[in-house]
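**Q** Please see the structure below; I have some questions.
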Amino acid sequence: MYLRRFFGDLTKYRKYLVYSAKASLKSEVAGSYLAWLWWILEPFCFMLIYKFIAETVFQRNLPSAALFVFLGITVWNFFNKNISASAMLLKHNKGIITKIYLPKYLLCIKQILVNGFKMVISLAICFVLALYYRIILDWHIILIIPSLIMLVLNTFGFGCLVMHFGVYIQDLSNIVRIALRLVFYLSGVFYNIGTLKPYGPLLLNINPVALAMEGCRNALMFGKEPDWVMLGIWTAVGIVTSVLGIMVVYKNENNYGKIL
Amino acid sequence: MMEKTIEVKNLKINYRTMEPAKVTKLFKKGRRVNLEHAVKGVSFDVYKGEIVGLVGQNGSGKSTTLRCLAGIISPDEGEVNLFGNSVSLLAIGVGFQKELTGRANIMLSGLLMGFTEKEIKSKMKEIIEFSELGKYINKPVGSYSSGMHSRLAFAITAILDTDILLVDEVLSVGDARFKKKSHQKMKELIMDKDRTVIMISHSLDTMKKMCDRIIWLHEGEINMVGKPKEVLAKYEEFMTGEK
């Protein structure tokens with residue numbers, strides 16, 4: 001019942017979702033001199049910083065170290081920004097949800113669209129960087145898609161749950177921030193977590209963000225296939241958490257307005 | 001036979017509120033879940049073109065009923081049938097983003113209210129004209145004075161109207177001149193013969209003049225339904241008696 005309603009609402013509000021995501025992106029750069037150029041300039045400048053740190057400061061052996069780190073940061077930023085915003089999402093949108101009906105998980109989806117747009121730009125820069133490092137791109141590149149689908153599903157599912165509990169638990173945003181910091185260090189943004197002994201492979205398997213990073217790096221840098229078994233398991237977890245998140249939010253959405 | 005536009009059957013709305021807790025007290029015993037029965041089995045019908053007023057003390061369930069009819073909150077028990085009619089609760093300035101232009105905010109607010117892009121575009125000119133913002137419509141809303149902000153917000157709500165209008169207090173905004181204009185527009189919207197209206201107002205005089213029927217809610221239940229003159233007389237008697 002909830003799923004049918006979910007797809008119905010998604011169809012009904014799709015224009016609003018796209019328009020409001022665009023509006024949020026425009027709002028972020030409104031008033032700045034370079035406007036939309038910042039969407040490209042910001043990740044590009046970060047990439048230059050990582051290139052400098054990886055190649056000059058740490059003198060990493062891997063010639064494409066900057067790409068390795070930048071790809072990790074791209075995946076991490078998407079997950080981190082969405083989950084950390086989720087805890088306060090309903091509180092920040094109190095003005096809307098107490099005055100008008102809006103399926104509340106749409107706020108999560110809007111957030112994902114905004115951060116997804118930024119991730120796509122960063123990924124485009126990764127492609128340019130791959131060409132710069134003369135990495136031979138073959139058909140494996142399309143294998144970036146299943147990793148990203150798994151990441152989006154898990155981000156949405158966990159995001160909905162965090163958003164729901166954020167209404168009831170005052171300090172949740174602090175806890176989420178600390179938990180995310182832990183996940184950050186266990187995701188292998190700056191290093192290949194799978195090669196760390198003895199817990200590296202285990203850490204890779206229990207962390208969907210690390211798995212998504214690994215999948216993207218394999219597809220773009222190493223021409224390798226992802227770990228299909230773990231990818232399948234985490235995609236299934238993503239579907240389950242998303243369905244659970246939708247159900248929890250639908251079931252409780254008439255109470256949020258009163259508590260907030 | 002009169003066409004039914006709203007059917008409310010045995011509507012019950014409870015608020016299960018759990019006070020926001022600190023993490024340290026999350027698993028503490030005795031953390032209470034408060035169950036508040038805001039509406040306790042209310043039933044009524046509203047017909048096309050009818051203007052129905054809801055009266056009652058604070059906490060009697062008027063605004064909760066209105067918010068349920070608007071779909072903001074869902075019933076715990078019972079049914080609300082709107083027979084496919086569009087409905088909106090008059091709420092001004094919902095979803096405004098101050099960095100965007102007035103024109104972009106009209107689109108954003110309209111889509112949020114459930115209108116299609118085509119419907120909003122067809123009413124865009126009328127909204128801009130009514131708001132009297134002129135060239136400022138292409139400036140960011142953040143640069144507007146509070147009066148300009150209210151005028152735009154009111155124009156969107158008043159021009160993008162629906163089959164069923166739910167009004168929580170009659171709105172009039174802006175300076176003295178625009179206040180008069182907005183009040184007149186509200187009156188026009190409410191008095192439109194094709195539009196069904198349910199309204200709440202603390203001005204019993206306004207209710208007496210505008211409404212065809214009054215529903216008096218008391219502690220989440222219907223106390224009396226009838227002609228404005230009769231119900232409001234009893235209600236006034238009750239209120240002054242209690243005081």
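**Q** Can you tell me which residue among B:199, B:239 is closer than 14 Å to residue B:55 by Cβ, within 15 Å of the chain's Cα centre (by Cα) and of a type in the set (A, V, I, L, M)?
**A** B:199
**Q** Any residue at all in the stretch A:84-94 that's within 14 Å of another protein chain (Cβ to nearest Cβ), over 23 Å from residue A:137 (Cα atoms) and without any contact (Cβ under 8 Å) to a residue 24 or more places away in the chain?
**A** Checked against the condition, which is being within 14 Å of another protein chain (Cβ to nearest Cβ), over 23 Å from residue A:137 (Cα atoms) and without any contact (Cβ under 8 Å) to a residue 24 or more places away in the chain, the stretch A:84-94 yields at least one hit.
**Q** Give me the residue from the stretch A:219-260 that is touching a His at 6+ places or on another chain (Cβ under 7 Å) and part of a helix (DSSP H, G or I) and, out of that set, nearest to the other protein chains (Cβ to nearest Cβ).
**A** Only one residue tops the list, namely A:252.
**Q** Quick check on my filter: what residues within the stretch A:190-215 are within 14 Å of the chain's Cα centre (by Cα) and either without any contact (Cβ under 8 Å) to a residue 12 or more places away in the chain or surrounded by fewer than 23 Cβ atoms within 10 Å (Cβ to Cβ) (or both)?
**A** Hit for the stretch A:190-215 is A:207, nothing else.
**Q** If I filter the stretch B:210-219 for residues that are more than 26 Å from residue B:11 (Cα to Cα), surrounded by fewer than 21 Cβ atoms within 10 Å (Cβ to Cβ) and not assigned by TED's automatic domain parsing to the domain that holds residue B:120, do I get at least one hit?
**A** No, every residue in the stretch B:210-219 fails to be more than 26 Å from residue B:11 (Cα to Cα), surrounded by fewer than 21 Cβ atoms within 10 Å (Cβ to Cβ) and not assigned by TED's automatic domain parsing to the domain that holds residue B:120.
**Q** I'd like the residue in the stretch A:69-98 that is surrounded by fewer than 22 Cβ atoms within 10 Å (Cβ to Cβ) and outside any helix (DSSP H, G or I) and, out of all such residues, is modelled with the highest pLDDT.
**A** Among residues in the stretch A:69-98 that are surrounded by fewer than 22 Cβ atoms within 10 Å (Cβ to Cβ) and outside any helix (DSSP H, G or I), the one modelled with the highest pLDDT is A:88.
**Q** Does residue A:130 satisfy the criteria of being small (Gly, Ala, Ser) and at pLDDT below 90?
**A** It is false that residue A:130 is small (Gly, Ala, Ser) and at pLDDT below 90.
**Q** Mind checking which pairs have a first residue in the stretch A:131-153 that is without any contact (Cβ under 8 Å) to a residue 40 or more places away in the chain and a second that is surrounded by 17 or more Cβ atoms within 10 Å (Cβ to Cβ) and of a type outside the set (Val, Ile, Thr), Cβ under 9 Å, 6 or more apart or different chains?
**A** A:132/A:64; A:132/A:67; A:145/A:219
**Q** If you go through the stretch B:186-243, how many residues are of a type in the set (A, V, I, L, M, F, W, C), part of a helix (DSSP H, G or I) and farther than 29 Å from residue B:158 by Cβ?
**A** The number of residues fulfilling the criteria is 3.
**Q** Which fully enclosed strands (runs of 3 or more DSSP E) of the stretch B:47-108 have 1 or more residues being more than 12 Å from every other protein chain (Cβ to nearest Cβ), surrounded by fewer than 17 Cβ atoms within 10 Å (Cβ to Cβ) and of a type outside the set (A, V, I, L, M, F, W, C)?
**A** Filter on the stretch B:47-108 gives B:77-81.
**Q** Return the residue satisfying two criteria in turn: it lies in the stretch B:109-137 and is more than 15 Å from residue B:151 (Cα to Cα) and outside any helix (DSSP H, G or I), and of such residues it is farthest from the other protein chains (Cβ to nearest Cβ).
**A** For the stretch B:109-137, the residue satisfying everything is B:115.
The values are calculated or read from the model by the stated rules, or taken from the named source; none is laboratory data. Every value quoted in this text rests on a predicted model; they were computed, and no experiment measured them. Quick reminder, even Gly has a Cβ in these numbers, built from the backbone with ideal geometry, and neighbours come from all protein chains shown.
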